[in-house]
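Colleague: Take this structure first; my questions come after.
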Amino acid sequence: MLSLQHISKYYQVGGNKNFVVNDISLDVDEGEFVSIMGPSGSGKSTLLNIIGMLDEPNDGYHYFVNQPVHQLKEKQRAALYKQYIGFVFQAYHLIDELTVYENIETPLIYQDVKGSERKAMVADMLDRFQIVGKKDLFPAQLSGGQQQLVGIARALIAKPKLLLADEPTGNLNSKQGEEIMELFRKLNKEDGVTIIQVTHSEKNAEYGSRIINLLDGRVESSRKF
Amino acid sequence: MIKNYFKIGWRNMMKNKFFSFINIFGLSVGLACCILIALYLNYETSYDSQHKNAPNIYQVVTAFIQSGSKRMALPNTPAPMAAALKREYPEIVETARLLSLFTEDKTIVQYNPAQGERRSFLEQRGFLADNSFFKIFTYQFTEGSPVNALANPRTVVISQQLANKLFGSQPALNKVIHVNSNTNGEQDYTVTGVFEAGKTPSHIDANFFLSVNGGNMEGFIKRQQNDFASNNLFFTYLLLKPGTDAAKLQAKLPAFINKYASKDLKNIGFRKEQSLLALRDIHLTSEVDSNVTPPASKTYLYVLFSIAVFTLIIACINFMNLSTARSSKRSSEVGVRKVLGAEKSTLIKQFLGESILMTLIAFVFAIALTLILLPLFNQVSGRAITLSFSRDLVMFFEFLLMALITGILAGSYPAFYLSSFNPVKVLKGKLTNSLAVVAVRKGLVVFQFIISVVLIVASVVIARQMNYMRTADLGFAKDQQIIVPLRTGAAKAAYTALKTVLEENSSIASIGGSAYYPGIFNPSDNLVYKDGQTSAEGRRTRMNFVDDNFLQTLNIRPVAGRLFSPEFHSDTNNNIIINEKAVQEYGFGTAQNAINKKLYNKYQDNTSTFTIIGVVKDFHYEDLHLPVTPYGFFLNTSGFNYMVIHAKPGNMAAVLKTIETSWKKYDTSDPFDYSFLDEDFNKNYKADTRLAAIVSYFTVVAIVISCLGLFGLAAFSAEQRTKEIGVRKVLGASVKTIVSLLSIDFLKLIVASIVVASPIAWWLMNKWLQGFSYRREIDWTIFALTGGIAILIGLITICSQALKAALANPVKSLRSE
């Protein structure tokens, strides 16, 4: 599904290159559930952002669903991204001014989905996550776990093939975290969504089918289950 | 999608009520200012548009050129000009003369009904007009017909307003009214028509039109039949054949002057150039002096327009600055939206939608504000502007368009700035404003305050000049002077007796009679020259005809010779008293030197000789816009237009009562009317007073909006630095140091704007002051004062926020982080 070859990302500090991601090559197949681990500053989030096309590497080749991302123009990349990728954040990043319903609906608006269709899709999603009763609440009125649930619902609404999650349970207590992880496993197994998550927690990492350990911008180890 | 933008915009607005208030208030006021000025400009440019023939109507303008003096353009011609022009040039379809009743400010108009009491009114804006006047100009008649309305002698066409006053609800047609005019004498006139006020204003704001024939002016005009040089009293209008090139016709006019007027002009010593002024341009041509109504200065219109636009710009800057300052609050939303698939263009549209929503709300308030302020604005500007939804629908759409454009302008910079955020960065954590954006914000604040400071300087300079003009020594005693106009023959005849009676009153200091008094139009002027000169070397000299106590009453002081006085019974009307300026211009050297010298004036073929018996100190017979020029007094014994009564300080009401009682005793038929000399004199500053009022109002508005913006930024900056302040306090900083820490950055900006604004303001206001012959020059105190005001206002604005932040409990602010 995606292939990174010799990807590097660095910042010029004085005359030196300060590598955040250093010559990483990585292939992920469709249906995988990958956990990326590593200490702070090891380049986990940067790598995830590069995969998610939010950040551009300085060097290397990046293929996604057989398209050379490193050669695509901004517009094409955006189109590819919109169609295939969903994002979940540690801090949920819901839009405070929008209700639960509107937050979930927003990606569809940006993909020019018709109003009636949007309605049906959002209703479906609310149903599936059992948050119909909360659809008119604003994020500030929800608990952290509920907010993250909405965040995931929003990431899934456009039916992405790849779900990227940056420490999705980082701000949650262990029970809430477990629920979210169970949800991820279900999505991966039943719906075939490819998932790549960044996590600090060994326990959460083990929900995945592969664990990649990063250190100083390089892949230290990689193990599959 | 648009619904979505507006929804977000609305929720954001409600969430940040303080910032929304600043923005909407500023934009509402800015838009209201622009709408008011647009209405004003629309009104000023709509003059004389109701006349069907407007594109083909021209006024004949005469430029008087005399070697050694300034060229002077007046909209007046001698009486025979109109007829001769029509005879001479076939492209002129019709001509008409208009003559204002120029020696009076009010005319007595009376109606004696068959039953009931006689109605007597003092009416302004009376004119004599040719019968052809209504062939050229379009007037809506409610009674009678414009065709041949003034063909017969002693006919009058009156305004609907006057008709209502005179006749109530009764028809006016064919009623006979009695008109008593200083200029035209006393006659009965038959009403042949009533016209209603035009839908758009006209430079001819007539109240009534008398036929040229039937009054005293008829004889005068007949005597002037062949004089194309002097007595330039008539407004002459031409109706040209459609398609005529006015410039080509104008090019033929020197030949006309050559044919008809060259001999007479040579005699009196000046040249004349005729030009044609298109009807629609009359109101906005301030270069042509003393037209039927005072023209509007285009410069003033530009000034007003710029001030309105600048006010709106200040409001837009508030929007930009507050939006970008608060961008860190919106940044994560931008990041999330980008992650959710929003493109930059989509986000730009969203932010523009928000600013447009805000301006649309402001627009609604602005319209309401305009409707509320319109009466005040009319009062200040002296106009009768109205706004109605049904009539001015097109204008409303134009205003709406203006609001939309404002929204786009105000919103574009924040929109591009906000939408350019990199999602990875903003989602990772705090976004610090880039230096470039901070610099732009500072620049915009400086720009706002430059405008405000320039306006403050302008207000101060104008106020000082107005105060200077009101309090300047005019060279005569202007206070406690009561002017009683003597309009009718009976009143004029009663002057001496009235004077004798009133002089006995202990609260009256002195009484004098005259043809004119300082501050009003003085139409008598002659070219006067001394021994050894010809008329061509003569100097234009204003003339006044006074009694033997007028100069004493006004306390006009002699510097050589003597004044007219009852002790010198031998004074005749060949004796003249001149002012110092005349001494200088005729070339006598000193005042003493001029005494007993002869002066001459040539009129047609007669030469008059005068002997100088006195020289008086220069005094301002015209307002301080104009320089003092040669002036001469002649002694008369009767026929005065005005009685000037100098009252002793004390109970003015009682003095007026005494005068009225005596007046009624001697002249029961005329209504008693009076005015005060100082007030009459200050009427000349109406336009300046208006400008002063408008500029000061706009200054207040601009300062308020600027300060609101500054207030918002200060509040935001204090909020943003809450943690820093908390840490500093814990480390032992005093409230004082924290307040100065927060204020100093903003103060620097205000000082910078004062530095930039001062030379701009100096240049602009110096230009304005050039319009006054007598002025109070700009000095450093103005800038010190203005700088002080600006800094003080700025400090008050900032300090409240700084103080609030400095006084906050650091434990609280640190914990909340």
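Colleague: How big is the accessible area of B:His620 in square angstrom, nearest 10, if you roll a 1.4 angstrom probe over the protein chains?
Modeller: We get 20 Å² for B:His620.
Colleague: Measuring from label point to label point, each 7 Å out along Cα→Cβ, what is the B:Lys241 to B:Ser390 span in nm?
Modeller: 4.4
Colleague: With everything on Cα atoms, drop me the angle between helix A:74-84 and the longest principal axis of chain A, reported from 0 to 90° to the nearest 10.
Modeller: For A:74-84 against chain A, the angle is about 60 degrees.
Colleague: Where the centroid of each part is defined by its Cα atoms, how far is region B:719-737 from region B:100-123 in Å?
Modeller: For region B:719-737 versus region B:100-123, the Cα centre distance is 78 Å.
Colleague: Just to be sure I follow: if Rg is taken over the C-alpha atoms of chain A and Rh is the Kirkwood radius over the same atoms, what is Rg/Rh?
Modeller: Values: Rg = 17.6 Å, Rh = 18.1 Å.
Rg/Rh: 0.97.
Colleague: Choose one answer from A:Asp112, A:Asp55, A:Asp124: the residue with the largest mean-square fluctuation in a GNM of chain A with alpha-carbon springs under 10 Å.
Modeller: A:Asp112
Colleague: Would you work out if chain B is rounded, prolate or oblate? Take a ≥ b ≥ c from the square roots of the eigenvalues of the alpha-carbon gyration tensor; rounded if a/c is under 1.5, else prolate when a/b is larger than b/c, oblate otherwise.
Modeller: Values: a/c = 2.38, a/b = 1.87, b/c = 1.28.
Cα axes put chain B in the prolate bin.
Colleague: Provide the FRET efficiency to the nearest 0.05 for the B:Lys329-A:Lys189 pair, computing r from the beta carbons and using R0 = 51 Å.
Modeller: 0.80
Colleague: Can I ask one more? Checking an interface number: how much accessible area is buried between A and B, summed over both chains, with a 1.4 Å probe, in Å² rounded to 100?
Modeller: Details: alone 11440 and 36550 Å², together 45890 Å².
Its buried surface, counting both partners, is about 2100 Å².
Colleague: What residues in region B:330-349 lose 40 Å² or more of accessible surface when the other protein chains are added to their chain alone (1.4 Å probe)?
Modeller: When all protein chains are present, B:Val336, B:Arg337, B:Val339, B:Leu340, B:Gly341, B:Glu343 each give up 40 Å² or more of accessible surface.
Colleague: Right, something else. Heavy-atom accessible area per residue, region B:54-282, 1.4 Å probe: how many Å²?
Modeller: On the way: 9810 Å² over 229 residues.
With the other protein chains kept in place, region B:54-282 gives 43 Å² per residue.
Colleague: Could you tell me how far the Cα centroid of region B:136-175 sits from the Cα centroid of region A:46-72, in Å?
Modeller: 89
Colleague: Continuing with the same structure: Please give the helix A:174-190 orientation as an angle from the longest Cα principal axis of chain A, in degrees from 0 to 90, rounded to the nearest 10.
Modeller: With rounding to tens, the tilt is 80 degrees.
Colleague: Which value results when the Cα radius of gyration for region B:673-736 is divided by 2.2 N^0.38 Å? Kindly include the intermediate steps, with their values, before the conclusion.
Modeller: Working: Rg = 24.8 Å, N = 64, 2.2 N^0.38 = 10.7 Å.
The value comes to 2.32.
Colleague: Taking only pairs that are 8 or more places apart or on different chains, how many Lys pairs in region B:488-669 have Cα atoms under 26 angstrom apart?
Modeller: Step by step, the pairs that qualify in region B:488-669 add up to 24.
Colleague: Roughly what angle does helix A:100-110 make with the longest principal axis of chain A, taking Cα atoms, 0 to 90 degrees, to the nearest 10?
Modeller: 60
Colleague: Check the straight Cα-Cα distances from B:Lys425 and name the lysines below 16 Å, setting aside those fewer than 8 residues away within the same chain.
Modeller: A:Lys9, A:Lys44, B:Lys329, B:Lys338, B:Lys344
Colleague: Still on this structure, please answer the following. Quick one: Karplus J couplings for region A:54-59, per residue in order, coefficients 6.51, -1.76, 1.60, θ = phi - 60°, nearest Hz, x for Gly and Pro?
Modeller: Using θ = phi - 60°, the values come out as 7, 10, 10, x, 7, 9 Hz.
Colleague: For a test of the definition: using alpha carbon positions, the gyration tensor, and the 1.5 limit on a/c, classify region B:1-52 as rounded, prolate or oblate.
Modeller: Working: a/c = 8.79, a/b = 2.52, b/c = 3.49.
Oblate is the answer for region B:1-52, as a/c is 1.5 or above yet b/c matches or exceeds a/b.
Colleague: Something else now. How much of B:Phe25 can a 1.4 Å solvent probe reach, expressed as accessible area in Å² and rounded to 10?
Modeller: Surface open to solvent at B:Phe25 totals about 70 Å².
Colleague: Further question on the same structure: Kindly provide the helix-only [θ] at 222 nm of chain B, computed as the sum of -39,500 (n - 2.57) over DSSP H runs of four or more divided by all residues, to the nearest 500 deg cm²/dmol? Please list the in-between numbers first.
Modeller: Details: 26 runs with 410 residues, N = 817.
It comes out at -16500 deg cm²/dmol, rounded to the nearest 500.
Colleague: Now for a different question. Averaged per residue, what accessible area in Å² does region B:283-396 show with a 1.4 Å probe, protein chains only?
Modeller: Roughly 40 Å² per residue, with all protein chains present.
Colleague: Please report the projected area of the protein assembly as shown's Cα convex hull averaged over all directions, in nm². If you can, show how the numbers build up before the last one.
Modeller: On the way: hull surface 234.4 nm².
Computed as one quarter of the Cα hull surface, the answer is 58.6 nm².
Colleague: Now a separate question. In chain B, which helices (entire DSSP H runs) extend 24 Å or more along their own long axis, judged by Cα positions, while averaging at least 0.0 on the Kyte-Doolittle scale?
Modeller: Working: long enough: B:17-44 (39 Å, 1.49); B:246-268 (30 Å, -0.22); B:298-325 (40 Å, 1.52); B:344-381 (50 Å, 1.46); B:393-419 (37 Å, 1.69); B:435-471 (53 Å, 1.52); B:686-720 (51 Å, 1.26); B:735-769 (47 Å, 1.41); B:780-807 (38 Å, 1.71).
In chain B, the long hydrophobic H runs are B:17-44, B:298-325, B:344-381, B:393-419, B:435-471, B:686-720, B:735-769, B:780-807.
Colleague: Which residues of region A:95-117 bury at least 30 Å² of accessible area once all protein chains are present, versus their chain alone (1.4 Å probe)?
Modeller: Output list: A:Ile95, A:Glu97, A:Leu98, A:Glu102, A:Ile109, A:Tyr110.
Colleague: Then there's this: Within chain A, which is the longest segment containing none of the trypsin sites (Lys or Arg not before Pro) that sit in a DSSP loop and have at most 11 other Cβ atoms within 10 Å? All intermediate terms of the calculation are to be shown ahead of the outcome.
Modeller: On the way: sites that count: A:Lys73, A:Lys114.
Excluding the exposed sites themselves, the longest stretch runs over A:115-225.
Colleague: With every protein chain left in place and a probe of 1.4 Å, what is the accessible surface of B:Thr534, to the nearest 10 Å²?
Modeller: Accessible area of B:Thr534: about 80 Å².
Colleague: Run the accessible area of the protein assembly as shown with a 1.4 Å probe and give the carbon-and-sulfur part as a rounded percent. All intermediate terms of the calculation are to be shown ahead of the outcome.
Modeller: Details: 25520 of 45890 Å².
Ligands and nucleic acids excluded, carbon and sulfur reach 56 percent.
The values are calculated or read from the model by the stated rules, or taken from the named source; none is laboratory data. A quick note: this is a predicted structure, and the numbers were derived from the prediction, not measured. Note that we place each Cβ from the backbone using ideal geometry, even for glycine, and neighbour counts take in every protein chain shown. Note: accessible area is taken over every heavy atom of the protein model, side chains too, but ligands, DNA and RNA are not part of it. Shrake-Rupley method; radii C 1.70, N 1.55, O 1.52, S 1.80 Å.
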